[in-house]
Structures are given as structure tokens and as C-alpha cells.
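The values are calculated or read from the model by the stated rules, or taken from the named source; none is laboratory data. Keep in mind the model is a prediction, meaning the values are calculated, not measured. In this analysis, Cβ positions are derived from the backbone assuming ideal geometry, glycine residues included, and neighbour counts consider all displayed protein chains.
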Amino acid sequence: MNLMHLGFLAAGAAAMSLPLWIHLLLRQKATSMEIGSIRFVKQVVRRTKNRQRIQRWILLALRALAVLLLGLLFARPFFPDTPADGSTREVAILIDRSASMGARQENGAAAIEQAIRRAKAYVGSLGAETRVHLGLFDAAGVQPVSLNELDAAAASSMATRYEDAFDWAGDLLAASTRADRSLMVLSDLQQLGASSVNLSAFPADVSVRIEDPAPAIAQNLAIESAVATQVELRPGVPVAVEVQLVNHGAFPVIGAPLRMELSGPKSPIVIERSVSLAAGEREALRLELPIETPGLYRGSVSVDFDDPLAWDNQRAVALEARHPDRLLLIDGDAGSKAWENETYFIETALRLRTPVGTGPARTFEVERLVWDRGSGFPDLAGFRLIVIANLSRFTERDAVRLNAFVQRGGNVLWFPGDRSTDAVHERLQAAGLLGTTTLGRVTDTVARVQAFDVDHPALRPFADPQHGDLRRLTAGRVLPIQSADPDSEILIRSRRWPLVISHRVADGRFVFVATSADRSWSDWPQNRLFVPLIRQLAAWLTGQLDLRQSVQTKNIDHPEQVPGIQSDGDAVVVLNVDPAESQINRYDVDAFRETLGLPQHSVVTAESDRRQQYTPEGVARADEKWPWVVWMLIGVLSSELILASRVHE
């Protein structure tokens, strides 16, 4: 049996002597007198006196017991459901180690250090036979640890995720055969990490203890991102990085120093600014960099501001400054006006500055050549892609030079037209640019796009109907591809023929389109999908859509990773903490319980636990036995009342 207030029982034990003192103080003293012959009366009195002496001792004992029971009642006895040694108990303890748990308190200790101390204190309060499971969790999942390994735990650089943690604990406790199962969660209760949690499979009979060891945060200035928005070296257009800042706090930030440092092929670059933000305000700060030399630049941007989350005051940044990809447009039918040129629609699409792919927006440096005004190809060095449309003249020398260009890693996008002849196509095939692909004769038809390769990098965006449906494209005249080389990729096809094929030649590619580049053969240039289609094909052929870019930026996705810049072969990877961890919005315990869908009766907090064990304010424990004491006290008082009425003092 345990007592919630031992002092009351001690007071009751001390008060047990009160009935004895009262009995002695109120005892009547009789005076002996000799009167007549009372020999027979003395015998009767002697027998009665012996009986009353026994009754008085019983009455005294009942009164003392009543006083003791009254003290026991105020002491509030209880019998714990779990044995003191914990032989029926199994506990899982989850400790949040996400980046936000690195928040520093006034004494300099991180929130996770306070969480570890609480976890160890809680384990120490459990019985020696208690089965304990410890786990550190973040967005990567749960890492089981032993009690000895807990001291070495530290906050990671990852985001918060509760669902996997509760699944891990729920599976362990659901498999337990012990009667008393509970879960302890030590977390800063960050709102974003709990938004998508589904605890439908969590055991309903498991009690959950929730504690928030993190300090209250009223101010946090964070750099959410630092992204290169202009990396091409163009006259009058500086290389630029956009820094996204946000003031998560309740107070304004005035004149915080911001500094960017980059190292590259030449001397280091340092940019300094000052930032001021109102409470809750965001700002996108554009930093223009004096970069004129191509190459890889790496460094960081930081803001000097004192807040509990110091790690989000700096972000790693890297960029590759480069000249735009050079494209050569060869126009086989120059019109009298610009919009009558064979390559007018393609040139317009390629000169737009809309971004393609991911990362900084990259454009094309387009040069146009009228084929009939020259004597063949110019110097092709430096060009990444050649777009050829409607050639009427194509010599063997031209075929050899074009083949050499592709062999060295160049790429060609070819469109036929009204001026294209069978001789042109025969030389194209003889040069091996199409492999064993055979072409037919120009045919008037209705060739609607029936299918396209949705897994191809250039065509993948069109798999989303919101971006448009390529099956709306229709051609009224085509140069039919009778049979495609087995090694060629069919990118787009109609019901009868392939419409776009790609054939690899050594290090380059030759892409053949079965219809013209202008409106004479198809409605493609009039369709709103023509611009994104041409730009996607050009971006793919120039390497802008390669999965492996020279600079890759991503959020940290492994607990062992740290913010910074890492080399990965010829590329660099910029690793930063998920900006969501900079949020200072937190749940209280009740809101956290409702968001996760935990039953109210199953949640135990540190405060409710202290109230229940030490200072219950009008709330009875489930295992209290004071009703038993009340009935015992009533029984004792009733017995005392009956006996007192039969005993004469």
C-alpha cells in the first residue's frame, strides 16, 4: 500500500493517545464509606466492575482506531496496479532528434539534452523488471538505442516525422504480453511533423505520456533557401542568387547583417547586406554576383542573429556559372517576312526565357543560318544542338560533316518539308544517322498522335494532363517512317507510323521528326503544346534534363548527413536542413492529442502525472482505496456508539 500524504497517517497515529488522555482526565474518583452490612452488594459490584473494565478497554481501542482511520483517510491510501519491481510493465520511449530539437535553452543546453535527462530519470523510476525500449526518431525513421548509448545521442539535421515513430512503438507494444503497456514521447511537438499522422492501428489500451522538453521560442530569423536563379554568363545579365528569409518570431528584426561568401576559379566573392523584417514577414533577397568566369562556385550565406535555432541562420550554396548552350538553326526555306521562315516558330520557342527542367533557368543562345545563302555547314565547334528544317540541298560533304559532329557528341533535330527531296533523305540514310531506319515518300494523311513515351525525360511532363495532352497534335502531311531501327527510340507515334524517333550515333543523337517545322504540314506550331515540346526536346538534347547535374541541391535525408557541400565525382551536392524545421509553431498536449487522434483517457502528461502522484486537486486516482477506509471508519464509529451506550463511566 502507498500513501499520497504520509503526514496525515503520522498525525493520526499520534492522535491515537487522545482518547486515553480524555478517559483519564474525565475518570471519576469514588470515596470509600463503610455503611451497614453490604457483603452481598459487594459481590455483585465486583462482577459488574470486571465486565465494564473489559468494555472500557474495547471502547478505548475503538476510539483510538477511529482516530487512526481518520488519519489514514486523509493520507489517501492506494494500491498501484503495477508492482513496484515493474514485472508486469513494458514501456517504449520515443525521443525526437529532429533539427528543431537542437534549440538552445538559456543555460546553453539543447532541447534533446533535456529530453535525454527526462528519459533517464523516467527509466530510473521504473522497476528493475520493467522492459524498456528506447528509440530516437526523425524523418528517416526510428533508431533503437540502449540506455548506455543514449548519452551520445544528438539532434540530427532532419525534419520531424511522427508516423513512423508511433508505428514502431505500436508494433512493439502490440506484441507485448505484459499487462501494463505505455509509451513516452519526448518531443517539441512541432506542428508540421504531425499533420499527416494516421494512428488507426495504434493499440487503444496503451497509455501515452507526452512531454515537451524544448524551450518556448518567441523569436527565430531563418534563411529558408539560397538558390541560384541566374547562372548563365550573358552581357548585361549578372549571375544571381535568391535568398529567402523569414521572420518566424513575434518581434521585428531590424538591420540584421547578412553575408554571402563564395570561392571559385578566381578570388573569393563576398556580398554583404542588412535585412529588416516585420514579425511573420518573408523576403526574397536577390544578390547579384560579379562573376565573369565560367566554373564552379561554392560557399554559404549567413545572417548574424541571436536566436535559439542557430543552425538555420546559415545555408550552403553552390552554382556553376556557364555560357548558354549554343544552338544552330538551319533554315532551308527563308521567307520574305520573318514569320514566313521555316524555322520561325522553332526560333521563337527557343528564344523564350522560360525555365526548363529543374534548377536555375537556362536558356539557349540561338544562331540562325539560311542554308541557300551559304555553301554548307559553318564551323560547328561549340554548338550543342543543330536544328535543321526543310533542306533542298544536302551534299555528301555535308552528310560527312554532320555525321562527324554527331559522332563527337553533338545532337541534331531534323524536320523535313516541301523542299526536301528523296536525294536528301538518301544521303541522310547513307551517312548512318538513322541506322537501318527506312523512310517512305511524302504522304497526305491525318496522323494524330496516339501515344508517346511518358517515361522519356523530354516527354515526362506531358504525362500530367494539367500540362496538356500531346494526343491533340495532328499532322496532315508526313514523311512516313516505314520501319525504325531496332536501336532507335520511338518518342511519339500515330496509329500508323512513328512521328518522332531518336537514334544514338556514337556520343551524339539524331532525332527525326516526320512532319515539317512550320504550318504547311501540320497544326503543331499553332498548338499551345508546341513551345514546351520544342523546349523540352532541346533541353534534353543539350543535357539540361540530365538527372545528374553538376550542382545538385537537396534536403538532408539521412541522420548521418550534415549541412554543407559534398563532392560526388564530377558533381557537387548541396545539403541543407529542411526549412520546415525552422517553424516555431508548436502544439500543446491537448492539440497534439487531437491532431494525432489519441483518446483523451490514454494521454498522460508530466503535469497530470505529478498531480496524480503528489498533489491531486480534487481528482481521485483510479487505484485509491479511501472508500474502503470510509466504510471501515463508519463501522468502527457505529460499534463505538453502540458500546458506549452500554458502558457507564
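Scanning the stretch 370-391 for residues that are buried (at least 23 other Cβ atoms within 10 Å of the Cβ) and in a loop (DSSP other than H, G, I, E, B) returns Asn390, Leu391. Which residue is farthest from Val412 (Cα to Cα), if the candidates are limited to the stretch 330-354 and must be touching a residue at least 24 places away in the same chain (Cβ under 8 Å) and of a type in the set (Gly, Ala, Ser)? Once the filter is applied, the top-ranked residue is Ala334.
Say whether the condition of being touching a residue at least 24 places away in the same chain (Cβ under 8 Å) and closer than 30 Å to Lys554 by Cβ is met by at least one residue in the stretch 115-123. The answer is yes, given that some residue of the stretch 115-123 is touching a residue at least 24 places away in the same chain (Cβ under 8 Å) and closer than 30 Å to Lys554 by Cβ. For the stretch 427-463, taking the residues that are surrounded by fewer than 19 Cβ atoms within 10 Å (Cβ to Cβ) and of a type in the set (S, T, N, Q), the one that is farthest from the chain's Cα centre (by Cα) is identified as Thr443.
The single condition among (1) free of Cβ contacts under 8 Å to residues at least 60 places away in the same chain; (2) out of contact with any Lys or Arg (no Cβ under 7 Å at 6 or more places or on another chain) that Thr130 does not meet is (2).
Arg548 satisfies every condition listed in (1) basic (Lys, Arg); (2) surrounded by fewer than 20 Cβ atoms within 10 Å (Cβ to Cβ); (3) at pLDDT 90 or above except (3). Just one of the numbered conditions (1) in contact with a helix residue (DSSP H, G or I) (Cβ under 9 Å, 6 or more places away or on another chain); (2) part of a helix (DSSP H, G or I) is not true of Val400: (1). So, Leu537, is that one outside any loop (DSSP other than H, G, I, E, B) and touching a Pro at 6+ places or on another chain (Cβ under 6 Å) or not? Judged against the criteria, Leu537 is not a match. Checked across the stretch 458-468, the condition of being among the charged types (D, E, K, R), in the same structural domain as Trp371 (by TED's automatic domain parsing) and free of Cβ contacts under 8 Å to residues at least 12 places away in the same chain holds for at least one residue.
Which residue is nearest to Gln407 (Cα to Cα), if the candidates are limited to the stretch 491-539 and must be surrounded by fewer than 20 Cβ atoms within 10 Å (Cβ to Cβ) and small (Gly, Ala, Ser)? Among those that are surrounded by fewer than 20 Cβ atoms within 10 Å (Cβ to Cβ) and small (Gly, Ala, Ser), it is Ala506. Looking at the stretch 511-521, is at least one residue closer than 18 Å to Ile388 by Cβ and assigned to a helix (DSSP H, G or I)? No, the stretch 511-521 contains no residue that is closer than 18 Å to Ile388 by Cβ and assigned to a helix (DSSP H, G or I). Of everything in the stretch 542-572, what is farther than 22 Å from Gly299 by Cβ and within 21 Å of the chain's Cα centre (by Cα)? Give them in sequence order. Correct list: Asp557, His558, Pro559, Glu560. Looking only at residues in the stretch 228-242 that are surrounded by fewer than 18 Cβ atoms within 10 Å (Cβ to Cβ) and among the hydrophobic types (A, V, I, L, M, F, W, C), the one that is farthest from Glu320 (Cα to Cα) is Val237. Would you confirm whether or not the stretch 246-255 contains a residue that is buried (at least 17 other Cβ atoms within 10 Å of the Cβ), assigned by TED's automatic domain parsing to the domain that holds Ser100 and not hydrophobic (A, V, I, L, M, F, W, C)? Within the stretch 246-255, none of the residues are buried (at least 17 other Cβ atoms within 10 Å of the Cβ), assigned by TED's automatic domain parsing to the domain that holds Ser100 and not hydrophobic (A, V, I, L, M, F, W, C). Residues that are assigned to a helix (DSSP H, G or I) and either free of Cβ contacts under 8 Å to residues at least 40 places away in the same chain or buried (at least 16 other Cβ atoms within 10 Å of the Cβ) (or both) do occur in the stretch 566-579, at least one of them. Of the residues Leu473, Leu433, Leu428, the single one that is in contact with a Ser or Thr (Cβ under 8 Å, 6 or more places away or on another chain) and either within 23 Å of Leu541 (Cβ to Cβ) or outside the structural domain of Val505 (by TED's automatic domain parsing) (or both) is Leu473. Being under 24 Å from the mean Cα position of the chain (by Cα) and farther than 21 Å from Ile330 by Cβ is a description that does not apply to Leu529. Among the conditions (1) farther than 23 Å from Ala99 by Cβ; (2) buried (at least 18 other Cβ atoms within 10 Å of the Cβ), the only one that Pro265 does not satisfy is (2).
Checking each residue of the stretch 182-194 against the condition of being touching a helix residue (DSSP H, G or I) at 6+ places or on another chain (Cβ under 7 Å) and part of a loop (DSSP other than H, G, I, E, B) gives at least one match. Of the residues making up the stretch 138-168, those that are hydroxyl-bearing (Ser, Thr, Tyr) and either touching a strand residue (DSSP E or B) at 6+ places or on another chain (Cβ under 6 Å) or at pLDDT below 90 (or both) are Ser156, Thr160. Considering only the stretch 408-452, state which residues are of a type in the set (Val, Ile, Thr), part of a loop (DSSP other than H, G, I, E, B) and touching a residue at least 60 places away in the same chain (Cβ under 8 Å). Of everything in the stretch 408-452, just one residue is of a type in the set (Val, Ile, Thr), part of a loop (DSSP other than H, G, I, E, B) and touching a residue at least 60 places away in the same chain (Cβ under 8 Å), namely Thr437.
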